[in-house]
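Step one of this worksheet: look at the structure below.
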RNA sequence: CGGGACGUGGCGCAGUUUGGUAGCGCGCAGCGUUCGGGACGCUGAGGUCGCCGGUUCAAAUCCGGCCGUCCCGACCA
């Protein structure tokens, strides 16, 4: 491609709306443009990058026996009603009505459609199967953000495994896990697999692939000592020693005027009211049922854990007026002591605690001497609290680390819920009819592209790994008005192209600074610079984008070297 | 959905407080001089000031409503 003919709209200044590095650089470099919040046009450079990621994914999916499909993006409501997700997906699903008045949905994921196709698999002899597609997904995200990291319309590789039994699913799950590691490694990413919550997907077990980045939205807990790693939605840690008083204390109400927060209370009274001696009482509406959620005063709730523990589909904090109606007091003076009319779910950290402090359900009053088991009717115990940095690992006791990352992939063990819902059964060797055991596996392509930028850039711009770079080399011609330079550039361009190198010829009539800055911004791995001055001495320059080292060589040697480097680089991680 | 900020040529911004001719830098077009790290001169094109309504002799500017975008919190590839 000749740069003079290419549509590569680079920007000299950072776009005003872009905060995240990948957003900033992908817009500045002319890879993407926004149409509306959460919807981006992929420009030619971005398309080339995505096509490379697409290809790597297909190679690795095919390697584990995957077969590629292409399914509709518009679905009849019936299939979603059948699986129960027409309701469950709520506002996240784009819905529309066709001219006949039939309800339609834009696909957020394709368990239903694939399970429907799986009804044509009728014998265990046809199993296992791995089916996949690379296709557009639509999710009406409440808050799209960070450029292409979180959008409402995106390309996903989704695959589905079909097996006779759970042992088969284990195999499919493991091969996907291995394939995902290869995919991300080939994209130049270091992705960590962590145990995660299954969320709206349902199922028994799930693993996320996370790339470390400050632009990420997931908090990850890892242990350097034993290798434990989990999303904070699932992570646990050891609790510190409890130093409650031995003897039973009397329950006693005491005035706490003006006290609204855990901190207020701790500050106004002695050590017996410190946060870890308090019971935090939250009111949540769990699938329309108001519920008290209890945590230790210094602990923070993870809402996903509450959803997982209750199996809830919808969860929200109660509104202030609801709280007043239910509890007779405002947030700040709430407690679960004596509460009979609401379900109470409590975090494990409160088990067996005594001498605790909590709200009295009377504004300006609290209770002390609370014995959790004696005074509170806990309907259910669960792990609800957020792990904090430095807490001891539950496996080995070493201090845990907490960091932010981007979720580029997620794999789920689904089980039989979708096959049962859609009627996908096979006969086993004994002639019994059994539901197909399914797994579901996803990778976000544009998000992967953005994650690469997040992980690989410098103050000049993007540093693409060769495997996903839009072009592998750029020939930068200085002084296109000078015949010698122009002809040498054309020759380099031709020879590299003939050798199969994806090469861009910067034949624009621009000053050197502009050309260098653009080539570095869009992150082409190798640059050959041709100018009249060098040519007088018979040399060109070869610059490596990562590290920005430059060396002089003859034209022949430069061609040879770049071809060799590209060949080597393409096999990265493969 | 809660909180904050913003909306003025393709991009980045000033002008709004105190109503009165729509401006700057970059980019773009033409010509010339330059050109191995984002050149310079001259000439020129390009704007419903997010939208609707109100106040006023007069609105980018004041008032009301709506829409859009970004950031922070709850959701996911």
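So the values come out like this:
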{"item": "Residues A:5, A:368, sorted so that the one with the fewest Cβ neighbours within 10 Å comes first", "result": "A:5, A:368"}
{"item": "Cα long-axis angle, helix A:166-186 against chain A (0 to 90 degrees, to the nearest 10)", "result": "50"}
{"item": "Cα Rg, Dmax, chain A, angstrom units", "result": "29.2, 97"}
{"item": "Overall Cα dimensions of segment A:78-148, principal axis frame, Å, largest first", "result": "45, 36, 22"}
{"item": "Spatial separation of Cα centroids for segment A:23-82 and segment A:241-315, in angstrom", "result": "44"}
{"item": "Relative contact order, percent, segment A:461-570 [alpha-carbon distance under 8 Å, six or more residues apart]", "result": "32"}
{"item": "Segments A:399-405, A:482-488 sorted - mean Cβ within 10 Å per residue, highest first", "result": "A:399-405, A:482-488"}
{"item": "Between helix A:483-498 and chain A: long-axis angle, C-alpha atoms, 0 to 90°, nearest 10", "result": "60"}
{"item": "Theoretical FRET efficiency, 1/(1+(r/R0)^6), r = Cβ-Cβ of residue A:571 and residue A:92, R0 56 Å, to 0.05", "result": "0.90"}
{"item": "Estimated 222 nm signal from helices in chain A, with DSSP H stretches of n ≥ 4 weighted -39500 (n - 2.57), rounded to 500", "result": "-8000 deg cm²/dmol"}
{"item": "Ranked list, fewest to most other Cβ atoms within 10 Å of each Cβ, for A:176, A:341", "result": "A:341, A:176"}
{"item": "Mean Cβ count within 10 Å, highest first, over the residues of peptides A:227-240, A:545-558", "result": "A:227-240, A:545-558"}
{"item": "Length-normalised contact order of chain A in % [C-alpha pairs under 8 Å, at least 6 apart]", "result": "17"}
{"item": "Shape category assigned to segment A:473-544 from the gyration tensor of Cα positions, a/c cut at 1.5", "result": "oblate"}
{"item": "Nearest-0.05 FRET efficiency for residue A:37 and residue A:240, computed from C-beta distance (R0 51 Å)", "result": "0.70"}
{"item": "Cβ crowding within 10 Å averaged over residues, with A:374-380, A:278-284, A:347-353 ranked highest first", "result": "A:278-284, A:347-353, A:374-380"}
{"item": "Mean-position separation - Cα centroids, segment A:362-378 and segment A:334-352, in angstrom", "result": "9"}
{"item": "Label-point separation, residue A:192 to residue A:103 (7 Å along Cα→Cβ), nm", "result": "4.2"}
{"item": "Packing-based exposure ordering (other Cβ within 10 Å, fewest first) of A:226, A:187", "result": "A:226, A:187"}
{"item": "Chain lengthening between residue A:544 and residue A:498 when straightened (0.36 nm per residue, less Cα-Cα)", "result": "14.4 nm"}
{"item": "Pairwise FRET efficiency - residue A:174 versus residue A:68, Cβ, R0 = 22 Å, nearest 0.05", "result": "0.55"}
{"item": "Gain upon complete extension [residue A:321, residue A:165; 0.36 nm per residue less C-alpha separation]", "result": "51.2 nm"}
{"item": "Value in Å of the Kirkwood radius, where segment A:252-382 supplies the Cα pairs that are averaged", "result": "14.5"}
{"item": "Relative contact order [Cα under 8 Å, 6+ residues apart], segment A:217-276, whole percent", "result": "16"}
{"item": "Segment A:500-574 and segment A:410-428: distance between their alpha carbon centers, rounded to Å", "result": "52"}
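No lab work stands behind these numbers, since they all come straight from the coordinates. Keep in mind the model is a prediction, meaning the values are calculated, not measured. Note that each Cβ is placed from the backbone with ideal geometry, even for glycine, and that neighbours are counted across all protein chains shown.
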